[in-house]
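I have placed the structure first, in the form of structure tokens, so that the comments after it can refer back to it.
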Amino acid sequence: KGALSYKGLPSRRRVGAVIGIVKLLRVKSFEEFDATLSYISELISLNFGYADTDGNIGYVLTGRTPLRKGKQGSELFPLKGWTGNDSWDEFLPHKDLPKALNPENGYIISANHKAVDYKEYKHYLGSVFKAGYRAMAIERSLKKSIEKEKITVKAMQRLQLSTFSVAAEDFVKIVRSLSSESLTICGEPEADAKKN
């Protein structure tokens, strides 16, 4: 016999999240923003950005992250739930989820990448994140804009719609560094590669 448990979207009281969304429209500080997101944290994991008219910027991660007993990374595989060795008894409280307010560099990037460094952040959130290439592209663009002291709405629109890929850029560098002799198909030199 077995059982399956998934904590992504269990049937929780959704009323709290609705209350949180309504309250979110009336917050007047980052602290209120974070406290209000605790309602939404009960329902779903999302990245929330914050900005106010005083020039403050912030970030809050919401969601219910199980505090697991087992080895980090083991959650990637089916586990023996009947042993209790990999169970969880509680969730990471909202107050302990990653947050940022007015970072020194002057910007916050949220691109579904790993937003914490486990050397500095003591709670384990998981091990499957986007590779970070999108975040790298965003940071590169932001740094260029900051150097020019020109961060405009149009520049942000271009950044939002950009399809530039750091991963593709890295791949092209690797391919260009290969000699035609090193390109093979099924162990035989590629004829077209030799022509070039």
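Only one of (1) closer than 29 Å to PHE164 by Cα; (2) open to solvent by less than 70 Å² (accessible area, probe 1.4 Å); (3) of a type outside the set (A, V, I, L, M) is not met by LYS130, so which one is it?
Of everything listed in (1) closer than 29 Å to PHE164 by Cα; (2) open to solvent by less than 70 Å² (accessible area, probe 1.4 Å); (3) of a type outside the set (A, V, I, L, M), LYS130 misses just condition (2).
So, in the range 96-111, of the ones that are open to solvent by 60 Å² or more (accessible area, probe 1.4 Å) and either hydrophobic (A, V, I, L, M, F, W, C) or without any contact (Cβ under 8 Å) to a residue 60 or more places away in the chain (or both), which residue ends up nearest to ILE151 (Cα to Cα)?
This residue is ASN105.
When you scan the range 57-97, how many residues do you find that are part of a loop (DSSP other than H, G, I, E, B) and at negative phi? Please lay out each step first, then the result.
Our first condition is that a residue be part of a loop (DSSP other than H, G, I, E, B); within the range 57-97, this holds for 62-65, 69-73, 77-87, 92-93, 97.
Now restrict to residues that are at negative phi: 62, 64-65, 69-72, 77-83, 85-87, 92-93, 97.
Looking only at that region, the number is 20.
Please specify each residue of the range 50-77 satisfying the condition of being over 13 Å from LEU97 (Cα atoms) and touching a strand residue (DSSP E or B) at 6+ places or on another chain (Cβ under 6 Å).
Applying the first criterion (over 13 Å from LEU97 (Cα atoms)) to the range 50-77 yields 50-58, 68-77.
Once the filter is applied, which keeps residues that are over 13 Å from LEU97 (Cα atoms) and touching a strand residue (DSSP E or B) at 6+ places or on another chain (Cβ under 6 Å), the range 50-77 yields TYR50, ALA51, ILE57, GLY58, ARG68.
Of the numbered conditions (1) within 18 Å of the chain's Cα centre (by Cα); (2) part of a loop (DSSP other than H, G, I, E, B), GLU104 satisfies every one except a single condition; which is it?
Of (1) within 18 Å of the chain's Cα centre (by Cα); (2) part of a loop (DSSP other than H, G, I, E, B), only one is false for GLU104: (1).
Does the range 76-87 include one or more residues that are touching a Pro at 6+ places or on another chain (Cβ under 6 Å) and either in contact (Cβ under 8 Å) with a residue 12 or more places away in the chain or closer than 30 Å to GLU31 by Cβ (or both)?
Restricting attention to the range 76-87, the residues satisfying the condition of being touching a Pro at 6+ places or on another chain (Cβ under 6 Å) are none.
For the range 76-87, residues touching a Pro at 6+ places or on another chain (Cβ under 6 Å) and either in contact (Cβ under 8 Å) with a residue 12 or more places away in the chain or closer than 30 Å to GLU31 by Cβ (or both): absent.
If I go through the range 36-91 residue by residue, how many of them are open to solvent by 50 Å² or more (accessible area, probe 1.4 Å) and among the hydroxyl-bearing types (Ser, Thr, Tyr)?
Going through the range 36-91 one residue at a time, the tally reaches 4.
So, in the range 102-131, exactly how many residues are among the hydrophobic types (A, V, I, L, M, F, W, C) and more than 28 Å from THR53 (Cβ to Cβ)?
Of the residues in the range 102-131, the ones among the hydrophobic types (A, V, I, L, M, F, W, C) are 108-109, 111, 115-116, 125, 128-129, 131.
Within this subset, residues satisfying the condition of being more than 28 Å from THR53 (Cβ to Cβ) are 116, 125, 128-129, 131.
Counting residues in the range 102-131 that are among the hydrophobic types (A, V, I, L, M, F, W, C) and more than 28 Å from THR53 (Cβ to Cβ) gives 5.
Could you grab me the full set of residues in the range 117-171 that are assigned to a loop (DSSP other than H, G, I, E, B), within 27 Å of LEU67 (Cβ to Cβ) and not small (Gly, Ala, Ser)? It would help to see each step written out before you state the result.
Residues of the range 117-171 that are assigned to a loop (DSSP other than H, G, I, E, B), as a first pass: 117-129, 131-132, 149-152, 162-165.
Applying the additional criterion that residues be within 27 Å of LEU67 (Cβ to Cβ) yields 117-129, 131-132.
The answer is ASP117, TYR118, LYS119, GLU120, TYR121, LYS122, HIS123, TYR124, LEU125, VAL128, PHE129.
Could you list, in sequence order, the residues of the range 43-102 that are among the hydrophobic types (A, V, I, L, M, F, W, C) and closer than 17 Å to LEU125 by Cβ?
Answer for the range 43-102, where residues must be among the hydrophobic types (A, V, I, L, M, F, W, C) and closer than 17 Å to LEU125 by Cβ: ILE44, LEU46, PHE48, VAL60, LEU61, LEU67, LEU76, TRP88, PHE91, LEU92, LEU97, ALA100.
The values are calculated or read from the model by the stated rules, or taken from the named source; none is laboratory data. No experiment lies behind these values; they were computed from the predicted model shown. Neighbour counts are summed over all protein chains in view; Cβ atoms, including those assigned to glycine, are modelled from backbone coordinates with ideal geometry. To get the accessible areas, we keep the full protein, side chains included, count just its heavy atoms, and leave off ligands, DNA and RNA. Shrake-Rupley method; radii C 1.70, N 1.55, O 1.52, S 1.80 Å.
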